[in-house]
Amino acid sequence: MSGCDTTSGVYNQGKLKAITILQKDPDLRSIVKVFNQPLASQEDIGAAGEKVLMNLYGYTKSTCLNKVRYFRYNNITSKQQVNKLFDLASLPPTSAAAMQHSYRVYLQV
């Protein structure tokens, strides 16, 4: 999920952070096992990827990556000046983009 030579990474979310989160959360470790299951369904792969990304951005209790994106946008824009440019890359991917990313990760693993 955090990127390699053939799979893209998520902006400003490094490998070390992903490893640290996985080491601390046994539930998340069991969720990512879906990427090693040869017959995993698309729904399971997408849900696992979305859960990992929500954890990477620090929203462990949220149910939808689109909501995380919305909350993060509001959080960032409320703290910055009106005339300052907003960096869209700092937002998490949409749920649809995360699902496609998860499929690519699954094929690589």
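Where a number appears in this text, it was derived from the coordinates with a stated rule and is not lab data. In this text the structure is predicted, and so the values were computed from the model without any measurement. Cβ: placed from backbone, ideal geometry, glycine included. Neighbour counts: every protein chain shown.
Here the spin labels are modelled as points 7 Å beyond Cα on the Cα-Cβ line, and at Asp25 and Asn74 they lie 2.1 nm apart. Looking at the range 16-80, the trypsin sites (Lys or Arg not before Pro) that sit in a DSSP loop and have at most 15 other Cβ atoms within 10 Å of their own Cβ are Lys61. The distance separating the Cα centre of the range 63-82 from that of the range 85-109 comes to 16 Å.
Of all the options Val32, Val68, Val82, the one that moves most in a Gaussian network model of the chain with Cα springs shorter than 10 angstrom is Val82. When the Gaussian network model of the chain links Cα atoms closer than 10 Å, the mean-square fluctuations of Ala40, Ala48, Ala18 top out at Ala40. With springs connecting C-alpha atoms under 10 Å apart, model the chain as a Gaussian network and identify which of Gln37, Gln23, Gln80 has the largest mean-square fluctuation. Sorting by GNM fluctuation, first place goes to Gln80.
The calculated 222 nm mean residue ellipticity attributable to helices in the chain amounts to -17000 deg cm²/dmol, summing -39500 (n - 2.57) over DSSP H runs of n ≥ 4 and dividing by all residues.
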